[in-house]
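Student: Before I ask anything, here is the structure I am working with.
Where a number appears in this text, it was derived from the coordinates with a stated rule and is not lab data. Note that the coordinates shown come from a computational prediction; the quantities given were computed from them, not determined experimentally. No Cβ is skipped: glycine too gets one built from the backbone with ideal geometry, and neighbour counts run over all protein chains shown.
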Amino acid sequence: MALRSGDKDEIRERARSLGADLVGFLNLRDYHSPNSPDPRNWLTDSRSLVILVFRHLYGAFDTDAWSHMHSYMYAPEATAIRAGYILAKSLEDGYGGRTFMVPLHRPFEMDEDSYRMPRGMVSLRHAAVQSGLAVWGRNTLALTPQYGPRQWFLGLLTSLDVETDAPTVGDYNPCQTCSFPCVDACPGNAFTEDGKTISHRCVRNSQGHDPGHLMRFLVELLDQPGNEERKAMLRSASFINKLQNLHGYLNYGCTHCTRACPPLGQRSL
């Protein structure tokens, strides 16, 4: 089924009423992400993608303590999941399209070939740019005129045939005249001169309790000479934090590049 422009307006208003800050539409013929899987792996008859934007709280960037994650990710994620699910049902019940939710973060599909370099099912950053909501930043994040890099994206793959939105960013191109404080602020030296990100350098600094760090911890644990040393490691704050991460309390302990790239009107060049 093909949606009309009036249908898109109704869907957009419904999404905003559920808590989305911005909404975009992308037909999959206009979606290009060379390193990502085919979206039809997840929804075989998918034709389009609805992109929902949920901004961070403005106060989320005063600290990198674990407690900032409620303002930075946990609350936006909970809002996004609820809004996405309700909107997905609206697309199915009201317009007859099958719908599949693309999460704003984990879990990733992993196998023996991909677990060291996991990739999301759809690149929502590419989709946000290609739908006209955002532009690419020097920090390889998708920047919106309203929030810069300070938002999360959630996607809805749908079998409905929806035309891609016209760009709404205007002449927004903040990196054209920026002095790149995001590059200088990165403690992991993750940005390259040609505008790419060395992901493992970023993750090593930003996600100090992720599964990779847990695996290194366990290998070190097994290498200890005796049980007392192993017991000391298992009683450490480092291990408890890694357990918290496993329980779903993901922690980004570094948001330097995002903090250094404020929204439009707050930029310091």
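Student: Could you please rank T144, T258, placing first whichever residue has the fewest other Cβ atoms within 10 Å of its Cβ?
Tutor: Result, fewest neighbours first: T258, T144.
Student: Within 10 Å, count the other beta carbons around each residue, average over each peptide in 207-213, 232-238, 57-63, and list them highest first.
Tutor: Per-residue Cβ counts within 10 Å, averaged per peptide and sorted highest first, yield 207-213, 57-63, 232-238.
Student: Counting other C-beta atoms within 10 Å, which of F239, F54 has the fewest, and how do the rest follow? Intermediate values should be presented prior to the final figure.
Tutor: Numbers: F239 17, F54 23.
Sorted ascending by nearby Cβ count, the order is F239, F54.
Student: Which value results when the Cα radius of gyration for region 47-91 is divided by 2.2 N^0.38 Å?
Tutor: It is 1.42.
Student: Would you kindly state how much longer the chain becomes between E13 and Y85 on full extension, computed as 0.36 nm times their sequence separation minus their alpha carbon distance, in nm to one decimal? Walk me through the numbers on the way to the answer.
Tutor: Details: separation 72, 0.36 × 72 = 25.92 nm, distance 1.53 nm.
Result: 24.4 nm gained on full extension.
Student: 222 nm [θ] for the chain, helices only, -39500 (n - 2.57) per DSSP H run of 4+, per residue, to 500?
Tutor: Using -39500 (n - 2.57) per qualifying helix, the result is -9500 deg cm²/dmol.
Student: On a 0 to 90° scale, report how tilted helix 75-95 is relative to the longest principal axis of the chain, with both axes built from alpha carbons and the result rounded to the nearest 10.
Tutor: 30
Student: Once Rh is set to the Kirkwood radius over Cα pairs, what Stokes-Einstein translational diffusion coefficient, in µm²/s, holds for the chain at a temperature of 20 °C and a viscosity of 1.002 mPa s?
Tutor: On the way: Rh = 20.1 Å.
D = 107 µm²/s.
Student: Please get the size of the charge dipole for the chain, origin at its Cα centre, with Cβ charges of +1 on Lys and Arg and -1 on Asp and Glu, quoted in debye to the nearest 20.
Tutor: 380
Student: Between N41 and E229, 0.36 nm times their residue separation minus their Cα-Cα distance comes to what? Numbers along the way, then the final one.
Tutor: Values: separation 188, 0.36 × 188 = 67.68 nm, distance 4.64 nm.
In short, 63.0 nm is gained.
Student: Can you give the translational diffusion coefficient of region 146-269 in µm²/s, computed by Stokes-Einstein from the Kirkwood radius over Cα pairs at 20 °C and 1.002 mPa s?
Tutor: Details: Rh = 18.2 Å.
Diffusion coefficient, whole number: 118 µm²/s.
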